[in-house]
Structures are given as structure tokens and as C-alpha cells.
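Below is one structure, written out as C-alpha cells, with a few remarks after it.
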Amino acid sequence: MDKHKDKCSFCGRSGKEVSLLISGQTGYICNDCAEQAYLIVGETLKQKKKESSLGFTQKELPRPREIKSFLDEYVIGQDAAKRFLSVAVFNHYKRLLQNRQDNKKDDVEIEKSNIIMVGPTGTGKTLLAKTIARMLHVPFTIVDATVLTEAGYVGEDIESILTRLLQVSDYDVEAAERGIVFIDEIDKIARKSDNPSITRDVSGEGVQQGLLKLLEGSVVNVPPQGGRKHPEQKLIAVNTKNILFICGGAFDGIERKIAMRLNTRVVGYTAGKSTEEIDRDNLLQYVSPQDLKAFGLIPEIIGRLPVLTHLQPLDKAALRRILTEPRNSIVKQYVRLFEMDGIELSFEADALDYVVEKAIEFKLGARGLRSIVESIMMDAMFDMPSTDEKTLVVTRAYAAEKLAGAHLMTVH
């Protein structure tokens, strides 16, 4: 190649005037122009990514009915909670779309409506959160409030909630700032006592105070690796203004607070005329913000969780449907497990009814179904892959025998 004769097709400089001249089919490009082209391409792609960062338009937005229909495929019942969740997610998307538009028609700014879900253990709070994460166009993370403590104490700092959100969004701050966070076991950070104490409530009221700035919407400095194990790490500023927070908790014992407010009793036969229509079997449906305050949540937290919904206790019919109907039901999972070993597994209706009866007896909700079925199937899962048996039919007698052998039976 003659350096004096060949020229860069972009800047016109000869090979003698530049460090490197790269040849193409019909021309050349010098190293300086190649570097400039790289920077231009990078900036253009970054801008395009920013413009289409939401990944959807107003027309493509999943409507509340569509979101609820998707939840129905995986979660049985809980229509009220599903409706609240569907509307909250839909409004979250609309708020993001409004914030992206430069030409706003007026000064109306849509504020986020954080949600708190109250329901007994095993009714589907965490399952609802995990299921809705499957269809979202935004980063989503589930965090457990039980590990949170005040800064300076053993445990995770409140900022670690946002660290998880950053991790699922590949440290894209803009993506994280439009995400959704599900805080599970929110009831475990309730104030331990109303009485002043010489000991600090580092995992209770202290955590609630720390959560205030996250829920309200403020710029929080987040350690990218989380915790105090890397004190030299550079902090990342995250604005929580557009992050939707959904909280869930069992609030075990809150029925007593509701009963006291309604001037009735959890157990007993006496009731005034004003309480005759109250359904004592499901007091959670009457839950109100003042009950959460009586349970131990501080008023500031309750004010930042304006949408309050409850989950119904699961009755026998609902538990029976949970066993077989959802797309990833417990029975379907075990059938698939045995199918992988070439074994055809089936459950008789009486056996499934027996499992439901025991789940109600143990009072563990839907979570109890899995532990019971696991105990029933344990021997078969251990032995059958090593034998030539290719079919297994689980009857009521078989289920009762295996469950008795697992020592899960309650003593009367």
C-alpha cells in the first residue's frame, strides 16, 4: 500500500498524515475517523435505547383485565387482591408513559399508589408477586423485610432493597428507577411495644423510619454491592419517586385488633345488634389503616401505603382447586417429575380430598399442601427410579399410610 497515494475516504488525509489507514472494498478509513465513528455509533444507540426504554407504548399496555387473567392462570381465588394489583401495575405503566412524554398537556402529575396486602400465611401473597413479575416490562424484585436492620447493626441496610433492584436491571439506573419492589413479611418490622424501653428496636420501628424515604420518593445513595462489606465502593444515586412498592404480610393476630375496633369478640356467643352482620370467620375483610397502626406500623408508613387490600383465608374448595388447576399446580409438578423417569403418576379424587383435609387440619394454607404431598410421595420418589415399575396410582389409603409414616399426623 502506497501511503502517499492512498487517502482516508472521510477526512481526506493521506496515509502519511495518520497513524493507521484501514482499507475497504472501495476506500479507506483512518484511525482517527474510526474512533469518531465508534463514539457516534455508541451515542446514537444509547439515545435510541433511552427513547424506547420502556419497551411498550400506550396501545401495547397490558390492561387490568389482561393482567388479572394472567394471574388467574397461576393463582386460585383472591379476586379482590388481584384487582388491586392489576390496577396498581396498570397505573404504574401509565405514570411512566406520562413522565416520558415531553409535551405534557397540563401540570397534572400522577402520583404512585403503593400497596399493602394483608392475609394469613399460605394464601398467596408472595405467589401473586412472583406471578406478576413474569409479565412485567419493568425490573421487579422481591425482598424480605425480616433481614433488615437499622444502619450500623448486624443485618442488611434498608438501601439493600434498591441494591437488589439495581442487580435485576443490570445496574441500569434509569431502568431501576421505574421498577417495582415487593417487600415481603412487612408485618415483621412492626413496633415491638408501645412502652419506652432502654433497648433499641433496631429491626422494628427503626427499619420503618428508614423505609419512609424510600416509599415517599427521594434520591437515595445505594451501595452497588450492598452492605458494609465494601466500604470503598462508589455509591449510586437512585431516585425512588417512580418506584412502585407493594408490601405483603400475614399480620398474625390482627384479627383481635379488628374485633376490638368492631366491638365484637373473636370467640364467644354474645354480640350486640350492631355486630350481628359481621362475619367472624373472616375478620380480615374489615381491616383498616387504624388496625395496622394498632398492630405496630407507624402512621407515617401507613400514610405512604394508601392502597390497603386483604387476601381471603382459603377454604376447602379453593385448596382443592389449587392442587390441580393452576398452570404449575402441585399435582402437575409431581406428574412431570415422575414422567422424567418414565413413570406414569396419577392421583385419585379421594386422595386429593384427603390432602386438602389434612392441610385444613394443619392450618398452613396452600403452603401446607406441598409439604403434605411431598411427605406422601417421598418413598415413591426414593424407590421407584431404581425399579422397573412404570405406573403409580395414589389412593386415599396409600396417602394416609405414607402420611402416618412421615409423623406429620396431628395428635388428638
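The values are calculated or read from the model by the stated rules, or taken from the named source; none is laboratory data. Source: prediction; values computed, not measured. Neighbour counts run over all protein chains shown; Cβ positions are idealised from the backbone, glycine included. We work out accessible area using only protein heavy atoms, side chains counted, and drop any ligands, DNA or RNA first. Shrake-Rupley method; radii C 1.70, N 1.55, O 1.52, S 1.80 Å.
The label-point distance for residue 357 and residue 147, in a model that sets each label 7 Å from Cα toward Cβ, rounds to 4.1 nm. Checked against a 31 Å cut-off, the cross-linked pairs 94/234; 363/390; 332/363 give Cα-Cα distances beyond that limit for 94/234; 363/390. Pairs spanning more than 21 Å between alpha-carbon atoms, out of 130/358; 188/257; 46/241: 130/358; 46/241. Can you give the FRET efficiency for residue 216 and residue 337, using 1/(1 + (r/R0)^6), R0 = 51 Å, r = Cβ-Cβ distance, to the nearest 0.05? E between residue 216 and residue 337, to the nearest 0.05, is 0.65. Computed with a 1.4 Å probe over protein heavy atoms only, the accessible area of residue 389 comes to about 110 Å². Accessible area per residue (1.4 Å probe, heavy atoms of protein chains only) ranks 379, 6 as 379, 6, with the largest value leading.
For residue 69 and residue 133, the difference between the fully extended length at 0.36 nm per residue and the C-alpha to C-alpha distance is 21.6 nm.
Between residue 170 and residue 237, the distance separating the two model label sites (each 7 Å from Cα on the Cα→Cβ line) works out to 2.5 nm.
Counted by Cβ distance under 11 Å from residue 132, the other residues give a net charge of +4, where Lys and Arg count +1 and Asp and Glu count -1. Taking 337, 284 and ordering them by how much accessible surface each has at a 1.4 Å probe, largest first, produces 337, 284.
Spin-label model, residue 94/residue 263: points 7 Å from Cα along the beta carbon direction are separated by 4.0 nm. Cross-link candidates for residue 213: which aspartates and glutamates have Cα within less than 16 Å, leaving aside residues fewer than 8 places away along the same chain? Hits, sequence-local ones excluded: 111, 150, 157, 159, 177, 205, 300.
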